[in-house]
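Accompanying notes for the structure given below.
A short reminder: the numbers here are calculations on the coordinates, not readings from a lab. Small disclaimer: the values here were computed from a predicted structure and weren't measured. Cβ placement follows ideal geometry from the backbone for every residue including glycine, while neighbour counts extend to all protein chains displayed.
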Amino acid sequence: MRASSRLHASMLGALMLGALVLITAGCKKKVAAAPPPPPPPAGATTAPPPPAAAVINSFTAEPSTIEPGQSSTLRWSISNATDMSIDNGVGAVQSQGQQQVSPRTSTTYTLTAKGPGGMDSRSVTVEVSMPPPPPPATSTPRLSSADLLQQQAQDAYFDYDKSDIRADARDALTHDAALLKQIFQQDPNFSVLVEGHCDERGSAEYNLALGDRRATAAKDFLVQAGVPADHLKTISYGKERPQCTEATEECWQKNRRAHLSPGQ
Amino acid sequence: MKRIILIGGSIVVALSTFVYAQINGVINKTGEKPTIAVPDLRGSGQAQQFMGAFNTTLYHDLSTSGQLKMVPKTLYPTQVPQQPNDFRQPAAGQQSQGLWLTDWSGPPPSANYLAFGYTAVQNNQIVLYGWLYDVRQSTPSSAQILGKVYLGSLDEAGARSVAQQFAADILKQFGAASLIGTRIYFVSDRTGHKEIWSMNYDGSDQKQFTNYRSITTFPAVSPDGTKIAFTSYPVLPSSRYAEAARFGVQNENLGQPRIYVHSLESGRKLVYYNQHASMNAASDFMPDSRHLLIYSTANGNGAQIYETDLDGSDLHRITNSQSIEVEPKVNPKTGMDIVFVSGRGGTPQIYRMNIDGTDVARLTTGEGDAVNPAWSPDGEHIAFAWTRGYEPGNFNIFVMDVASRNYVQLTHGAGRNENPSWAPDGIHIVFSSNRSGREQIYTMLADGSQVQQLTTQGNNEKPVWSKPPQ
């Protein structure tokens, strides 16, 4: 975020600078433009021929790929140079020569040759190939407890103005109990919130209490099915957090539910 | 402001005229309402620019009072007195155009009373000279009931303020308590969260009171007007819930609902020790303003009714049942009877009991869902929301005489109508309704007439009408 905003700031700066230049240029247009410079005079003084430039005839590394601990030989041939060197710890060299190197990681060597007539440089790279990594440790990536809960827990649904566990809610909560036992075994510090919800038709005050009864009924069922009670906490949202907001029985049924969410 | 007017007269048809007369007696103790003419007042000089606001306010406060019958303006004579000196008895056989008492008391206006006056600017303030005459008297001096000077700031707010004071003084002549200074506390989601707000009785001056950024609801105001209790889900520190945060609205990092008490004078939160329970909800203050009625799952057996001190200590259990017991409201006159909502009979119904939980009796018939009871200031009536005659969820506002259990229906199927609360004058009721699509707050007279919409922004609900701090 910060880097990108800095980038934006600098782009903005550039734009502003550009605008400034435009404005300045605009201002200058009022002054008469200076005439272009005259062409250079014909037949200028003939200079003496320059000395020949330094030339690197060859520069190789053999072999070009090694494994760590092995070495490679650098060979070179240079003409017209007075000052010749290779970087990466090799140093000054003669115009013909060779040198063994054993870099630990892939390294590029640059030969630089300077003479009175100019300079030349050339590079070779000695690749150091790494052995392939060992196979990964044998563990399958695990879903977080919260992900597991969100993806696999099922809501328990209720009848209007009721907190009894229906047959379909019994199935859902039996499934949830197995899931929770698995989660708490893997993740003993995890906790779960049992939320109670209501449809919009009752009063908010009555629904707060009704949602509490639904959450409690669901929690009691889970505890009966062997889920440790101290990992479960109830909360009633009454009708304050509907899943669905249409005035249809289908939608109201979706809202009359107990829902499991990750606890604090 | 959009106004929706219901025809109050239709209530009578379906229900016993006896009950209606009984309820109507609360609103209009004299039976026949006095008629009043209120011609627009004019202002001299700089004052005139604020007279639109002035006249609207004066007419509004008088017409919605339930105490007076307004004479239609089209029936007024052409000339209007601005001060007592303007009255001129016409010579015998001469026609008068409004500057004599009989021009107003006789037909077509046939008024009993005339409110008149004018405004001007004095020392950079607006000054109102206001009179109320009983035009059935024979001379201007014997006709004068009220003659008073009012001062306000030289702006629209000042003009409204002097109009409200003049209206309050006029209404006082007819035994009506003024609503000036009363506030309506309510819940609004206009910030994106349900918070407590307040406004004047006419919907002006809407102000946010809480900023909990959670779900904050169920306001209750102490009878002395100094404290407010409500229920909110505490926002937990986000780090404790980081893993769940990415699942969006389903996991908002909220704790179990708890009771909060604030001072209305300083706005500050006061200490309240909540019970260790899955839910605690505030419901009502006792008449001494020092004790609270709440419903809580403190006993681990579903919501039951308790009384606590103002700081949550000294918990007394009042109900002890296997069913849902919520919304206890204490009789403000006796402090001894509680009405409440119970699911003990299967569906939510309104019951009464003694303050110690004895002598429980159902007040509603058992039909539909009956919720949201609210006592009238005289402790004789309750207003409540009932689905009787409608589908579940389609609440209408009813008023019941508690002693006889006779009731009348005040709203008739225009959306969901809920959470009635009485004004301190005992003749107005504020409630919420979704008749316009969203949930909004309305006032009406306790006979169902004079319906006025007070809010328009966001959803607004759970109004409670409070007295000014004493």
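Of note:
- FRET efficiency for residue A:151 and residue B:211, using Cβ-Cβ distance with R0 set to 35 Å, rounded to 0.05: 0.45
- The modelled label-to-label distance between residue B:276 and residue B:299, using points 7 Å beyond Cα along the C-beta direction, is 1.9 nm.
- The simple Förster model, with R0 at 30 Å and r as the Cβ-Cβ distance, assigns residue B:33 and residue B:365 a FRET efficiency of 0.40.
- Packing rank of B:453-462, A:162-171, where each peptide gets the mean count of other beta carbons within 10 Å, highest leading: B:453-462, A:162-171
- The range A:55-128, relative contact order [Cα under 8 Å, separation at least 6], %: 36 percent
- Once C-alpha pairs closer than 8 Å and six or more residues apart are averaged by separation and normalised to the residue number of chain B, the relative contact order reads 13 percent.
- Neighbouring partner chain Cβ atoms per residue of B:211-221, average, 10 Å criterion: 1
- Cross-link pairs A:181/A:254; B:194/B:467; A:239/B:462 - those with Cα-Cα distance over 18 Å: A:181/A:254; B:194/B:467
- For the range B:183-466, the residue among B:396, B:237, B:351 whose Cα projects farthest onto the positive side of the dipole built from Cβ charges is B:237.
- In a simple Cβ point-charge model (Lys, Arg +1; Asp, Glu -1; nothing else charged), the range A:45-128 has a dipole of about 120 debye relative to its Cα centre.
- Helix-only arithmetic for chain B: the sum of -39500 (n - 2.57) across DSSP H runs with n ≥ 4, divided by the residue total, places the mean residue ellipticity at 222 nm at -3500 deg cm²/dmol.
- Rough spin-label spacing in nm, given labels placed 7 Å along Cα→Cβ, for residue A:58 and residue B:334: 11.9 nm
- Span from the the range B:349-366 Cα centroid across to the the range B:128-181 one, whole angstrom: 44 Å
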